[in-house]
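Beneath this line is the structure, given in structure tokens, with notes to follow.
The values are calculated or read from the model by the stated rules, or taken from the named source; none is laboratory data. Fair warning: this is a prediction, and the values are worked out from it, not measured in the lab. A quick note on method: Cβ atoms are made from the backbone with ideal geometry, for glycine too, and the neighbour counts reach across all protein chains shown.
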Amino acid sequence: MVSSRGKASGQPHVAIDNAVRVTQDDAVNYLKAVKEAFHDKPEKYADFLEVMKDFRARRTDTDGVIARVKEIFKGHRNLIVGFNNFLPKEHEIALPWEDEQPQQNKPVDFVGKVKVSF
């Protein structure tokens, strides 16, 4: 099987609103990147997981997910870029945000990982 991004995979595909197809491995790698980025703030990672659970249970819609994720990931542009891979083009979170200050956390090179995998 070949994904819409040209990557061969036997894994099922996941996406918010089923608009963009990425593999389950991509999702797992992204979750690892989020967990690593918030290793010193586990409550932020837990908040992100709660957002995803709410979406899956249909307690929130795509716009609600985006609003909450933007708040959780504020200052972590690399995580936003990675999250955009799971969103339909018309819902992608615009960058850059002028009002953000860079975080002192070690950056996660999720974009590089995604580029390599595609």
Just checking, does segment 52-61 include any residue being of a type in the set (A, V, I, L, M), within 13 Å of the chain's Cα centre (by Cα) and part of a helix (DSSP H, G or I)? yes
If you check every pair at least six apart or on different chains, which have Cβ atoms under 6 Å apart with a residue in segment 19-42 that is under 18 Å from L87 (Cα atoms) first and a residue that is part of a helix (DSSP H, G or I) and among the small types (G, A, S) second? Y30/G82
Across (1) touching an Asp or Glu at 6+ places or on another chain (Cβ under 8 Å); (2) surrounded by fewer than 16 Cβ atoms within 10 Å (Cβ to Cβ); (3) modelled with pLDDT of 95 or more, T62 clears everything bar (3)
Sort out which residues of segment 68-118 are at pLDDT below 90, surrounded by 14 or more Cβ atoms within 10 Å (Cβ to Cβ), aromatic (F, W, Y) and more than 13 Å from D26 (Cβ to Cβ), and write them in order of number. none
Within segment 1-54, residues modelled with pLDDT of 95 or more and among the basic types (K, R) come out as K32, K35, K41, K44, K53
